[in-house]
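One structure is given below, represented as structure tokens, and several questions about it will come after.
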Amino acid sequence: MKYVSCEWIENGMDFDVGVYGSNIMMCCYVSCPGGGNIMLKRNFDGSLIDWKEFWKIKNSYRNIQKSGETIKECTGCVYLHQDNWSQKNNIKSIIFDHFTKCNCDCVYCYTHEDKAKYNSLKNYNVLPVIKDMVAKGIFIPGGQIGFGGGEPTMLDEFEELINFLIDNNFDNISIPTSAIKYSPVIERGVSLGKIHVQNSIDCGSRETFIKIKGIDAYNKVIENMRKYSKVKSENDGVISKYIICPGYNDNKEEIDKWLNTCKNIGIRTVVISVENIWLKGHRRDGNSEVIKLVEYILNKGKNMFASCKGENHVMQLLAGVED
């Protein structure tokens, strides 16, 4: 059936622990004018799900989109588009969104204000639910799988969870990691072309790393990313990201060090971003120097790497359409 919707309304879910409690949400995109945060199940503790009740709730949102209206919370979301959507009750895309464990303390993360609180939050194991979903044919390959929040490799079930997904033919798995802790399953997934691993190192030197991350682990991160990059892969699955943080790393010297280090350790894909809180306060003025730095990275990076790109909000900033 053809109508305006998105993959998360139709076939997605977000296991969330942290900001809003412990819940199952529709997705993690909360920057649209409607605000997002659609709850499918509150106070979730990892217990097996009543799928009849789950689909009753999810289909009530699907039906709003089918009617030609727009879910209030999804108003203005850039992910809405017209397509011929499947009417099957299955899940293709999942986000594991937790803020319960992290091994660094980035100055731009909102958990930075009370890191001890977030690191002490109780997490639940999601693998039993995922196994139930796969056994019942509810969770099927074809969408995207991602992580958000804290550090995925610190989750107790991380290695077992990812191995299970790989063994059951899931791919397009995106794992953002601090890369402070080395993960054998990330290496396995990269080698099979099923995992994209992204490290937001945000610097080109140990001194700047310590200022931004709050921990002295620069050399360890570089070594682990080198290991991942050495794996023979069917795709360019190892990504280095640089978030421009004014006052910390917004200079060409630091950027050049980062680009050269990425090249030296074998990374083929780099991504540019801009610190979100700063950007919100400088969308209409005061961002000309940051725009010049983004352009500098794009121009230089495209000659050094197979892929060099800016995140969506960065490209909107360059195009002058950020609002």
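Restricting to the range 57-82, name every residue that is without any contact (Cβ under 8 Å) to a residue 24 or more places away in the chain and of a type in the set (Asp, Glu).
Correct list: 69 only.
Return yes when residue 190 is touching a residue at least 40 places away in the same chain (Cβ under 8 Å), under 26 Å from residue 309 (Cα atoms) and part of a strand (DSSP E or B) and no when it is not.
no
Now for a different question. Condition test on residue 132, is it over 27 Å from residue 7 (Cα atoms) and out of contact with any Lys or Arg (no Cβ under 8 Å at 6 or more places or on another chain)?
Considered against the rule, which asks whether it is over 27 Å from residue 7 (Cα atoms) and out of contact with any Lys or Arg (no Cβ under 8 Å at 6 or more places or on another chain), residue 132 comes out as no.
Within the range 224-247, which residues are under 21 Å from residue 293 (Cβ atoms) and buried (at least 19 other Cβ atoms within 10 Å of the Cβ)?
Once the filter is applied, which keeps residues that are under 21 Å from residue 293 (Cβ atoms) and buried (at least 19 other Cβ atoms within 10 Å of the Cβ), the range 224-247 yields 239, 240, 242, 243, 244, 245.
Hey, another quick one. For the range 41-61, give me each residue that is among the charged types (D, E, K, R), surrounded by fewer than 16 Cβ atoms within 10 Å (Cβ to Cβ) and under 13 Å from residue 89 (Cα atoms).
Selection gives 52, 53, 56.
Give me the pairs, please: first residue somewhere in the range 149-176 and farther than 18 Å from residue 228 by Cβ, second residue anywhere and surrounded by fewer than 22 Cβ atoms within 10 Å (Cβ to Cβ) and aliphatic (A, V, I, L, M), beta-carbon distance under 6 Å, and either six or more positions apart or on two chains.
Close Cβ pairs (under 6 Å, with a partner that is surrounded by fewer than 22 Cβ atoms within 10 Å (Cβ to Cβ) and aliphatic (A, V, I, L, M)) amount to 157/127; 161/127; 168/134.
Which one of 277, 222, 243, 291 is out of contact with any Asp or Glu (no Cβ under 7 Å at 6 or more places or on another chain), of a type in the set (A, V, I, L, M) and closer than 30 Å to residue 187 by Cβ?
After ruling out the rest, the residue left standing is 222.
Could you pull out the residue among 169, 125 that is surrounded by fewer than 21 Cβ atoms within 10 Å (Cβ to Cβ), outside the structural domain of residue 262 (by TED's automatic domain parsing) and under 28 Å from residue 266 (Cα atoms)?
After ruling out the rest, the residue left standing is 169.
Restricting the first residue to the range 31-56 and requiring it to be assigned by TED's automatic domain parsing to the domain that holds residue 127, which pairs with a second residue that is surrounded by 15 or more Cβ atoms within 10 Å (Cβ to Cβ) and among the acidic types (Asp, Glu) meet a Cβ separation below 7 Å and a spacing of at least six or different chains?
34/73; 35/73; 36/73; 37/73; 38/73
Rundown of residues vs (1) within 24 Å of residue 64 (Cα to Cα); (2) in contact with a Ser or Thr (Cβ under 7 Å, 6 or more places away or on another chain); (3) not assigned by TED's automatic domain parsing to the domain that holds residue 248, yes/no style:
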position	(1), (2), (3)
82	yes, no, yes
85	yes, yes, yes
91	yes, no, yes
94	yes, no, yes
100	no, no, yes
107	no, no, yes
134	no, no, yes
144	yes, yes, yes
149	no, no, yes
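Further question: Filter the range 151-170 down to the residues that are part of a loop (DSSP other than H, G, I, E, B), more than 20 Å from residue 221 (Cβ to Cβ) and of a type in the set (D, E, K, R) and list them by number.
Correct list: 156, 157.
The values are calculated or read from the model by the stated rules, or taken from the named source; none is laboratory data. Predicted model only: the values in this text are computed from it and were never measured. Neighbour counts are summed over all protein chains in view; Cβ atoms, including those assigned to glycine, are modelled from backbone coordinates with ideal geometry.
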